[in-house]
1. Rounded, prolate or oblate for segment B:42-82? Axes are the square roots of the Cα gyration tensor eigenvalues, ordered a ≥ b ≥ c, and the cut-off for rounded is a/c under 1.5.
2. Compute the distance from the alpha-carbon center of segment A:13-43 to that of segment B:10-82, in whole Å.
3. Angle, helix A:99-116 long axis vs. longest principal axis of chain A, Cα atoms, 0 to 90°, nearest 10?
4. What does the net charge come to around A:Lys40 if you take all other residues with beta carbon closer than 10 Å to its beta carbon, with K and R at +1 and D and E at -1?
5. What list do you get for A:His78, A:His135, A:His98, A:His44 if you sort them by fewest beta carbons within 10 Å?
6. What FRET efficiency comes out for B:Glu13 versus B:Gln66 if R0 is 35 angstrom and r is the Cβ-Cβ distance? Round to the nearest 0.05.
7. Using only Cα atoms, tell me the angle between helix B:30-40 and the longest principal axis of chain B; keep it within 0 to 90° and round to the nearest 10.
8. Using a cut-off of 13 Å between beta-carbons, work out the net charge of the residues near A:Asp127 (Lys and Arg +1, Asp and Glu -1, A:Asp127 not included).
Amino acid sequence: MIEVTEKAIDPREVMAVVGGDTNGAVVTFLGVIRGQSEGKRVIHLEYEAYKDMAREKLEQVVGEIRERWRLEDVSVTHRVGRIPPGEVALAVAVAAPHRREAFEACSYAIDRIKEIVPVWKKEIYGDGGKWVGVHT
Amino acid sequence: MKVKVLLFALFREIAGQKEIEMEIEPGVTVALLQERLREAFPRLGDYEPLVAVNGKYAGAQDVLGQGDEVALLPPFSGGCSD
């Protein structure tokens, strides 16, 4: 499952995709919004995506990990829109027969997502906001 | 001919709009279109965006065609916090 969605991510739905009985190891990663950033209280984050291209690039990431490691099921969900602290922005679940592949592939996928998927986030504070990763 | 320019995140805020239709003549390159956008929105000149044409990364010298969708992409910051 590969998805870019405005809806809240339910970790149980992500887990359901990787439940096959050939999966000896399932590694899941949930990227959760922090309530603090550089000493400021974060009210929420605004995520924005170039949706069609983002989905395509997520597919590319999944293709890359399937090429490098022997995996069974993979699930990647990126949430966009307004996300409050404590909620999940990114969920990656990787299932493999053995744990090493699952750990390595999951970690690689997260790094690549940050690198090549056209998604942006803005931290919103009580007194304004800031796009992350650009000087303004 | 016409192209559609998509602006995201900070660039959308600088331009005050997320989509601009622009009239161009044949032979206009990605670089020239960017120059015209910077004339219209000088603060865009502070950044060196990645450009995608019809969802694929494009080079500065690529020539645009009728109906192309040109996206200006600020540095990505998706996924979770570091």
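1. Oblate shape, in that a/c is at least 1.5 and b/c is the bigger or equal ratio.
2. 33
3. Value to nearest ten degrees: 40.
4. -1
5. A:His135, A:His98, A:His44, A:His78
6. 0.75
7. The helix B:30-40 is inclined about 70 degrees to chain B.
8. Its environment carries a net charge of +2.
Read the figures in this text as sums done on the coordinates, not as results from a lab. This one's a predicted model, so the numbers in the text were calculated from it and none came from an experiment. Heads up, the Cβs are rebuilt from the backbone with ideal geometry, glycines too, and the neighbour counts pull from every protein chain shown.
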